[in-house]
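For reference, the structure is listed below as structure tokens.
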Amino acid sequence: MLDERRWELLIRSLTLASSGAVLALVFGFLAAFFIWCRKRPVRFSAMLLFALPLSPMMYIYALEYLYWLFSLKVPSYFSVVLTYALQLMPLNALAIYNGFLAVSASEIDAARVLRSDIVCLFQIVLRRNLPLMLMLGLFSAVMNLLDYSIPSLFGVPVYSLDIFATFSATGNVLGVAVQSVPIFLFSLAIFIVLFMQLKSVWAVNPQGNRGRCLSESKNTATAVMEAVGGFVWLLPLIAVISAVVPFFTSRHAFTTAILTSFSELQYSLLICAAAAVFGTAMAAVFCVLKGALIPFALAFAAMPPALIGIGLLYTISPLRIFDGILPVIALVLRFFPFAAIIMYISKRMESKEERWAASLFSESKTDWLLRYKIPVTLPPLLISATVIFVLSLGELGATLLVIPPGTTTLTIKLYNYLHYGSGAAVSGLTFMLGVLTALITAAAWGLRNLYFKRGKHD
């Protein structure tokens, strides 16, 4: 049963998580509107794509640096909500922008005959995307609720952090499991609802409207929205710049932090690569039977991260032989459900006509496998592996409890450093982690483009 203190923590956690989700939706809508109005939107959406995997530590450092720079005193609760929103803004913006493209251009033009641009935007474009935005809001709220790293760095106690603290203080596994039930059931229910509704809002059919709800001479309201959206779109870049500035003022501490962290970097890359391989394979297994197993996979996504680490400590750790790979197992369990959903959606979007044609005209099963099945399956496998890899780089909650003695990941080292303030050493580690995630995303993006270019020539 929950006592009064835990009820208070639960309510506070839900309030912070939902507030961060709402703010992320607002930011995402404004940034999507800004991209939608651009003549070459691909370039602007590409920057948000690279901002997707940025660690929340980057935004936390940027906020603390700006607070120090301008001598600001900001309530911790607001900082938590703002960090939640900044972390999830790129995802919200890209999804909402794609939703904008799915609105029929002829429908927008017809509405503009009778209504102003701003009314057309909210009554036609926004209304059409309300189901998508509701799903984004629920997903963001759940991800915020499960996280404890952001609130802990701002000194704000939340329910998921209390789970970790209770286990550290008492070692009572059963008590911690019971304590986790409320947010586990809430998160699982939301994830299952989102999965059931995903197929109705996922498919995007670009109509080429490209912001045509606006006339050539923009009114004040839309001009202000576009300007604010441009500023929101720049926020990830501002966070990255904030992490680079100390290089010019405290170069020695900045570079020393990077040079002394290569062992953590190597270990992080090793376990993340292993998690990407095994997590993708596990996701593929859960995609059989037309996705019937995915709700069971979502149970792992709905677990508080600390509970995954605790479960591994008391189920697999006593065997000893698995001690070295416990972090990999934790990362796989934490993120393979998201890869399973990506692969499931990709499978549903396969053309039945192409599949039938490939089966009909293939000379043999080997020919069908080489010329159809592998080329069709390879992109979702690459995307799934990249998602697991990048998410694993920034993961903290599940791995913190199972990391072997004498080793640590780059994220855990940065998390420990952030507890002591925003110095140049923290800036160096933040920049290192940000560059690493950007390079991985760029590599995956390059492989994707290369694959599709080859496909066009074949």
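See the values below:
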item	result
Using a Förster distance of 45 Å, the FRET efficiency for residue 196-residue 263 (Cβ separation, nearest 0.05)	0.50
Calculated FRET efficiency for the pair residue 378/residue 77, C-beta based, R₀ 51 Å, to 0.05	0.70
Nitroxide proxy distance, nm - points 7 Å out along Cα→Cβ at residue 364 and residue 224	7.0 nm
Protection proxy ranking of 130-138, 371-379 - average other beta-carbon atoms within 10 Å, highest first	130-138, 371-379
Relative contact order [Cα under 8 Å, 6+ residues apart], the chain, whole percent	23 percent
Rel. contact order, % - alpha carbon contacts under 8 angstrom, at least six apart, region 238-359	32 percent
Cα-projected label distance for residue 435 with residue 350, points at 7 Å along beta-carbon direction, nm	4.1 nm
Signed unit charges on C-beta, dipole axis of the chain, positive-most listed residue 419, 299, 93	93
For region 245-458: rounded, prolate or oblate by the Cα gyration tensor [a/c cutoff 1.5]	oblate
Mean Cα-pair separation over length for region 245-458, i.e. relative contact order, pairs under 8 Å, 6 or more apart, %	35 percent
Distance between modelled label sites at residue 420 and residue 174, nm, 7 Å Cα→Cβ extension	4.1 nm
Highest average packing first - 340-350, 47-57, 112-122, Cβ atoms within 10 Å	47-57, 340-350, 112-122
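Throughout, read-outs are computed from the coordinates displayed, never taken from laboratory work. Source: prediction; values computed, not measured. FYI the Cβ positions are ideal-geometry reconstructions off the backbone, even for glycines, and counts take in every protein chain you see.
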